[in-house]
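To keep things clear, I will list the structure first and then write my remarks on it.
Read the figures in this text as sums done on the coordinates, not as results from a lab. The structure presented is a predicted model; accordingly, all values stated were derived computationally and were not measured. Ideal geometry is used to build each Cβ from the backbone, glycine not excepted, and the neighbour counts take in all protein chains shown.
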Number of protein chains: 2
Amino acid sequence: MTSPTYDILGIGNAIVDVVAVTNDAFLSRHDMHKGAMQLIDAEAADALYAAMPAGKESSGGSVANSCSVAAVLGSRVAYIGKVADDQLGGVFRHDINAVGVHFPTAPLAGGAPTARCLILVTPDGQRTMNTFLGACVTLGEADVDPALVAASAVTYLEGYLFDPPAAQAAFRKAAAAAHAAGRRVALSLSDAFCVNRHRAAFLDLVANHVDILFANEAEITALYERNTFEEAAEAARKDVALAALTRSEAGSVILHGHGTVTVAAVATRVVDTTGAGDAYAAGFLAGLTGGKGLDVCGLMGSVAAAEVISHYGARPEADLRALMGI
Amino acid sequence: MTSPTYDILGIGNAIVDVVAVTNDAFLSRHDMHKGAMQLIDAEAADALYAAMPAGKESSGGSVANSCSVAAVLGSRVAYIGKVADDQLGGVFRHDINAVGVHFPTAPLAGGAPTARCLILVTPDGQRTMNTFLGACVTLGEADVDPALVAASAVTYLEGYLFDPPAAQAAFRKAAAAAHAAGRRVALSLSDAFCVNRHRAAFLDLVANHVDILFANEAEITALYERNTFEEAAEAARKDVALAALTRSEAGSVILHGHGTVTVAAVATRVVDTTGAGDAYAAGFLAGLTGGKGLDVCGLMGSVAAAEVISHYGARPEADLRALMGI
């Protein structure tokens, strides 16, 4: 097996975030589940955008956020995701290139616009997401280059990819190519509602094709339909070689074979939780592919997550390498 | 004279900001004057964007920022400015509408894209701006509705409007319509380099068509080519009925006839000075059109400016009305 060219290859929905601050009453009025992600069509996106406060736009997308953070941490990173050939697509491409991520996916021309996620942040720091998938729905098998997968130590997939239909095929093709090349496959469950929409497919994938699983408490209990975190975690232990399960201010629990590593959260002032899980996964994978022990991987995840939730937006503003002393 | 429908009608360059954090070496390498605004063409904008770090996009434009802040403070506000019929134009329109500003200007179809200002913020909080004017260069007399001007207590113009050629005519038409209706005209000098580019036109305008002048120390000394702030301020006193001159952490000085009101700055942690002057003018004009005394107008300007420079981006994040107890 040759040495990998990339530490991490992310595959995900390429999305531009629109972040606005609002209140619980606005969420209720628009029938939103606080903290969750819901899919909306173009018409609903236009209507919600018209109703919501002034926002700030920045590149997002769960795995794209992780790729950006890992690149900042010094990992060699590539990304596959579908934007349109429009202004917001240009913003997405600029931002991921600016941190040194290789982004070879051709943009969609003449179809749906670049995906947007309308993110409403409440004063408690919770974010509620409304995603118009736009160009993302056209991401398919043809966008996955098996040579790129084979050249990457870890191929990291987001659960949200189960929503756009063609992406599931891309997902499976990538997992097969990774394992054929002796590489590892990581998956984030993304969102408890997403898990509920696609539970059977997720269970099959996790048991048979995933080596490294990321999930928070709501997601892992949703996947295994267990009442407690502990029961769900033990179920995950049987399915994957490595699971990194996050528990907000209670830190994270890393399961590997019969072993368990518990990692504390890093204290911070919570402004906006958007991207917390993405940043954790980035720190963890940057550590793992850099040969660090699992305790250090978890701590790198915690530090990255703490920085991202201390301000609006899903990508870091502070110098993460300085924060970690690397 | 009928009672005005709007307190403030702003006319300015309608711009979307792209804010990125960088360092002094980047500015030197790209031959930029720290703290200034320079105009760049489409090609230079593409090249600079490709070279600069990942950014956050939000609606900007000097007078548009002021209009947004004044609306948040409860003023009745309208705005005239030219965006294109594209994604960033949609962002600009959404954000200014979201705070309740009436924005009747038709977008430009099939021409240049919406203007972008590439803003580089250095660790000292200074912002250095690179503006691609795009659709703004087509703003002209036809976009100025004299009835709207006549219905507005103060028509507020930005000095940057002297850069796109057709806007100067719009500028003069608006000033004439305002005075014909017995309303007042306010002007921000915008930038010392802009003043140097158009000094003769500015001197004529200030002496003959402006009632309320906003400027910082660099701008007012540039306009009157004086070595000291005090000399320049006295020159301004002769030209306009009311001048509000800002001096960063030294607060502001308000000149009216023979009178002088000195207002302290409000202490804050400086993160990004983008929009400080715009927010000051907004607070001041909101106070003035709301019948407040000049000391209160100046203080409202100081509070608004302090909030805006405490975070990245030119528009407020905190509840300004709560901060001012109004």
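Which loop-located trypsin sites (Lys or Arg not before Pro) does the range B:234-290 contain, where loop means any DSSP state but H, G, I, E or B and the Cβ has at most 13 other Cβ atoms within 10 Å?
Those satisfying the criteria are B:Arg269.
Could you please rank A:Ser310, A:Ser188, placing first whichever residue has the fewest other Cβ atoms within 10 Å of its Cβ?
Ascending Cβ contact count within 10 Å gives the list A:Ser310, A:Ser188.
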_Ascending count of other beta-carbon atoms within 10 Å, so fewest first, for A:Ser75, B:Ser28, A:Ser66, B:Ser3_ = B:Ser3, B:Ser28, A:Ser75, A:Ser66
*Note the full-extension length gain between A:Ala322 and A:Ala241 as 0.36 nm times their separation in residues minus their Cα-Cα distance, in nm to one decimal.*
26.1 nm
_List, shortest first and in nm to one decimal, how far the label point of A:Pro53 (7 Å from Cα along Cα→Cβ) is from its counterparts in the other copies._
2.6
*How big is the charge dipole of chain B about its Cα centre, in debye rounded to the nearest 20, if each Lys and Arg gets +1 on its Cβ and each Asp and Glu gets -1 on its Cβ?*
560 debye
*For a label point 7 Å along the Cα-to-beta-carbon line of B:Ala106, residues of the range B:123-148 with backbone N under 18 Å*: B:135-148
*Using all C-alpha to C-alpha distances in the range A:169-225, build P(r) with 10 Å bins and read off the rounded percent in each one.*
24, 54, 20, 2
*Decide, for chain A, between rounded, prolate and oblate: order the square roots of the alpha carbon gyration tensor eigenvalues as a ≥ b ≥ c, take rounded if a/c falls under 1.5, and otherwise choose prolate if a/b is larger than b/c, else oblate.*
rounded
*Does the range A:110-246 come out rounded, prolate or oblate by the C-alpha gyration tensor, with a ≥ b ≥ c the root eigenvalues, rounded set by a/c under 1.5 and, if not, prolate when a/b is larger than b/c and oblate if not?*
oblate
*How much space per residue, in cubic angstrom, does the convex hull of the C-alpha atoms of the protein assembly as shown take up?*
149 Å³
*asked:* When a/c reaches 1.5 or more, the comparison of a/b and b/c decides; with that in mind, is the range A:40-127 rounded, prolate or oblate per its Cα gyration tensor?
replied: oblate
*Would you compute, for the Cα atoms of the range B:35-183, the largest minus smallest coordinate along each principal axis and list the three values in descending order, in whole Å?*
49, 32, 27
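Please arrange A:Asp41, A:Asp85 by how many other C-beta atoms lie within 10 Å of their C-beta, fewest to most.
A:Asp41, A:Asp85
About its Cα centre, how strong a charge dipole does the range B:69-187 have in debye, to the nearest 20, once Lys and Arg get +1 and Asp and Glu get -1 at the Cβ?
300 debye
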*Return the Cα extents of the range A:186-326 along principal axes one, two and three, sorted largest first, each rounded to a whole Å.*
40, 30, 23
*Find every distance from the label point of B:Gly293 to the corresponding label point in the other copies (7 Å from Cα along Cα→Cβ) and write them in nm, one decimal, shortest first.*
6.8
*Report Rg (one decimal) and Dmax (nearest whole number) for the range A:1-90, counting Cα atoms only, units Å.*
16.7, 56
*When the dipole is taken about the Cα centre of the protein assembly as shown, and only Lys, Arg (+1) and Asp, Glu (-1) are charged at their Cβ, what size is it in debye, to the nearest 20?*
180 debye
*Positive dipole terminus of the protein assembly as shown, leading residue within A:Thr22, A:Gly89, A:Gly259 (C-beta point charges)*: A:Gly259
*Counting other Cβ atoms within 10 Å of each Cβ, which trypsin sites (Lys or Arg not before Pro) in the range A:33-131 have at most 16 and sit in a DSSP loop?*
A:Lys34
*Proximal lysine pairs, the protein assembly as shown, alpha carbons under 28 Å, eight or more residues apart or interchain*: 17
*Give the Rg/Rh ratio for the range A:65-114, taking Rg as the radius of gyration of the Cα atoms and Rh as the Kirkwood radius, to two decimals.*
1.01
*Gaussian network model of chain B, Cα springs within a sub-10 Å range: biggest mean-square fluctuation belongs to which of B:Ala78, B:Ala279, B:Ala200?*
B:Ala200
*Which listed residue (A:Met1, A:Val69, A:Gly182) has the Cα farthest towards the positive end of the charge dipole for the protein assembly as shown, taking +1 on Lys and Arg C-beta and -1 on Asp and Glu C-beta about the Cα centre?*
A:Val69
*Could you work out the helix-only [θ] at 222 nm for the protein assembly as shown, with each DSSP H run of four or more residues adding -39,500 (n - 2.57) and the total divided by the number of residues, to the nearest 500 deg cm²/dmol?*
-11500 deg cm²/dmol
*Pick out, in residue order, every one of the chymotrypsin sites (Phe, Trp or Tyr not before Pro) in the range B:229-292 that is DSSP loop and has at most 15 other C-beta atoms within 10 Å; say none if there are none.*
none
